[in-house]
Structure formats: structure tokens, C-alpha cells
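Take a look at the structure below.
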Amino acid sequence: GAGVSQTPSNKVTEKGKYVELRCDPISGHTALYWYRQSLGQGPEFLIYFQGTGAADDSGLPNDRFFAVRPEGSVSTLKIQRTERGDSAVYLCASSLDGGVSNEQYFGPGTRLTVT
Amino acid sequence: SQQGEEDPQALSIQEGENATMNCSYKTSINNLQWYRQNSGRGLVHLILIRSNEREKHSGRLRVTLDTSKKSSSLLITASRAADTASYFCATGPGGGAQKLVFGQGTRLTINP
């Protein structure tokens with residue numbers, strides 16, 4: 001079946017602008033995760049959804065970052081007043097039900113460049 | 001912040017040789033997972049080992065876990081050029097947390 005998809009694959013925006021990044025998880029997966037990966041580093045956790053609710057948003061760096069999952073499927077990561085330091089690859093993952101031993105399946109990522 | 005440290009940061013070997021990568025972590029875990037990443041984009045899940053397991057095999061991959069030393073190793077046997085990628089270990093922390101905490105990765109290059 002289809003894997004996790006993310007759109008757009010690349011996004012270039014100017015400093016100060018607002019961006020939205022979309023994630024389509026694997027059908028039937030109730031758990032959804034956002035990570036951010038800077039060049040040469042491993043992914044860093046941002047937020048985890050179980051169904052429609054954000055179960056853990058401890059990784060969001062500041063209040064410019066916000067994510068929603070209104071119907072428990074597609075999720076949107078929103079970044080306000082973008083800064084050059086926000087440039088990174090934003091990865092989305094989903095797992096069956098968020099169980100601690102469940103594999104997380106990753107999408108191809110959105111490469112965000114803030115100029 | 002990242003929990004794990006991977007060693008070495010970069011590894012270059014000849015095709016056919018075995019490649020061993022190590023990962024250390026700091027806190028208690030429920031499981032440890034290894035991922036492969038090509039060209040800095042999507043991660044591919046390779047193998048998951050639970051905290052009560054010591055060794056696991058999948059094809060040419062062998063993973064060990066030593067919870068007393070808070071370390072894991074990934075062995076790729078009979079390497080191929082297609083194994084060239086970055087490899088990351090990721091821990092599933094204890095306490096019911098669902099997020100993965102990744103190391104910085106090992107960049108593996110297989111020379112033909």
C-alpha cells in the first residue's frame with residue numbers, strides 16, 4: 001500500500017513568511033510524528049499525535065511552530081514568521097497505534113529553505 | 001537534544017567486507033531501532049530490538065543490544081555498493097514516551 005507522503009517536497013520561503021507543510025500518514029495509522037533534521041544531524045522530535053490530539057509537543061522549539069491533525073489523518077505543520085534557522089528537512093512518520101514497540105514509517109520529507 | 005552517539009561518524013570499506021557501527025545511549029529504553037537514510041531524505045526502518053532482547057537478525061543485518069552498557073551495534077555482512085547510506089540508531093525511551101530519539105548517524109561508504 002501507499003506509504004507516508006509529504007508535500008511539498010521542497011519549499012523556499014523568505015524570512016518572516018508563514019509556511020505550511022503537509023503529511024499524509026499510512027491509512028489506518030493512528031499515531032503521527034513530526035521530526036526535524038538539520039544537515040549532518042539525526043532527526044529531532046517535534047510533536048506526536050495520537051488520533052486528533054497532540055499527545056506530546058515537547059519538541060516544538062517555540063510558539064512559532066504549531067501542528068494540527070483535525071480529523072485524525074492528515075497533519076499540517078505550521079511555522080509562523082520563519083527564520084533562517086528553521087531551514088531543515090521536516091520529516092513525518094506514522095505508526096499503527098503509537099505502541100512503544102511499533103515501527104515508525106517515515107515519509108520522504110519536506111526540505112524547507114528560508115532565505 | 002540527541003541521546004545517542006554513533007561510532008564511527010564515517011566508515012569506508014571495500015565491497016564484500018563487513019561493516020560494524022556502534023551506538024550508545026544515556027537513558028532507559030523500551031526498544032532500539034536502526035534506520036538507513038539515503039541522500040538526506042526519507043528514513044527506511046531496518047530492525048527493531050526490544051530492551052529484553054540481546055540479539056536480532058534480519059538478512060545480512062545483525063543487531064546486538066547490551067542494556068547494561070547502554071549500547072548497541074549494527075553489523076552488515078558481505079556489504080554491497082547499495083548499502084552506501086547514513087545509518088541511525090533511535091531509541092524509544094521508557095516511561096511511555098512514544099517519540100524516537102536519534103543519534104547523529106554513521107556515514108557508510110562501500111567502495112566497489
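The values are calculated or read from the model by the stated rules, or taken from the named source; none is laboratory data. Worth saying up front: this structure is predicted, and the values here are computed from it rather than measured. Here Cβ is always computed from backbone atoms with ideal geometry, including for glycine, and neighbour counts include all displayed protein chains. Just so you know, the surface numbers come from the protein's heavy atoms only, side chains and all, with ligands and any DNA or RNA stripped out. Shrake-Rupley method; radii C 1.70, N 1.55, O 1.52, S 1.80 Å.
Conditions: (1) at the interface with chain B (Cβ under 9 Å from one of its Cβ atoms); (2) over 13 Å from the mean Cα position of the chain (by Cα); (3) open to solvent by 60 Å² or more (accessible area, probe 1.4 Å); (4) not acidic (Asp, Glu). A:THR52 meets all but one. Number of the miss?
(1)
Checking A:LEU39 against (1) within 13 Å of A:GLY109 (Cβ to Cβ); (2) part of a strand (DSSP E or B); (3) open to solvent by 40 Å² or more (accessible area, probe 1.4 Å); (4) among the aliphatic types (A, V, I, L, M), only one condition comes out false. Which one?
Only one criterion in (1) within 13 Å of A:GLY109 (Cβ to Cβ); (2) part of a strand (DSSP E or B); (3) open to solvent by 40 Å² or more (accessible area, probe 1.4 Å); (4) among the aliphatic types (A, V, I, L, M) is unmet by A:LEU39, namely (2).
Among what's in the stretch B:19-44 and is open to solvent by 60 Å² or more (accessible area, probe 1.4 Å), out of contact with any Lys or Arg (no Cβ under 9 Å at 6 or more places or on another chain) and outside any strand (DSSP E or B), pick the residue that is nearest to B:GLY92 (Cα to Cα).
Selected residue: B:ASN38.
Being closer than 25 Å to B:GLU15 by Cα and in contact with a strand residue (DSSP E or B) (Cβ under 7 Å, 6 or more places away or on another chain) narrows it down to one of B:LEU108, B:LEU48, so name that one.
Selected residue: B:LEU108, the only one of B:LEU108, B:LEU48 that is closer than 25 Å to B:GLU15 by Cα and in contact with a strand residue (DSSP E or B) (Cβ under 7 Å, 6 or more places away or on another chain).
Test each condition in (1) of a type outside the set (Asp, Glu); (2) touching a residue at least 60 places away in the same chain (Cβ under 8 Å); (3) more than 9 Å from every other protein chain (Cβ to nearest Cβ); (4) over 15 Å from A:GLY42 (Cβ atoms) for B:GLN9 and report the one that comes out false.
B:GLN9 satisfies every listed condition except (4).
Out of B:SER39, B:SER51, I need the residue that is farther than 30 Å from A:THR110 by Cα and within 12 Å of another protein chain (Cβ to nearest Cβ). Which one?
B:SER51 is the lone residue from the list that is farther than 30 Å from A:THR110 by Cα and within 12 Å of another protein chain (Cβ to nearest Cβ).
Condition first: outside any strand (DSSP E or B), more than 22 Å from A:GLY99 (Cα to Cα) and either in contact with a Ser or Thr (Cβ under 6 Å, 6 or more places away or on another chain) or charged (D, E, K, R) (or both). Now tell me which residues in the stretch A:9-36 satisfy that.
Answer for the stretch A:9-36, where residues must be outside any strand (DSSP E or B), more than 22 Å from A:GLY99 (Cα to Cα) and either in contact with a Ser or Thr (Cβ under 6 Å, 6 or more places away or on another chain) or charged (D, E, K, R) (or both): A:GLU14, A:LYS15, A:LYS17.
Which ones in the stretch A:78-115 are touching an Asp or Glu at 6+ places or on another chain (Cβ under 7 Å) and either closer than 20 Å to A:SER38 by Cα or open to solvent by 40 Å² or more (accessible area, probe 1.4 Å) (or both)?
Correct list: A:LYS78, A:ILE79, A:LEU112, A:VAL114, A:THR115.
Test A:THR110 against the criterion of being among the β-branched types (Val, Ile, Thr) and under 12 Å from the mean Cα position of the chain (by Cα), and give yes or no.
Spelling it out, A:THR110 is indeed among the β-branched types (Val, Ile, Thr) and under 12 Å from the mean Cα position of the chain (by Cα).
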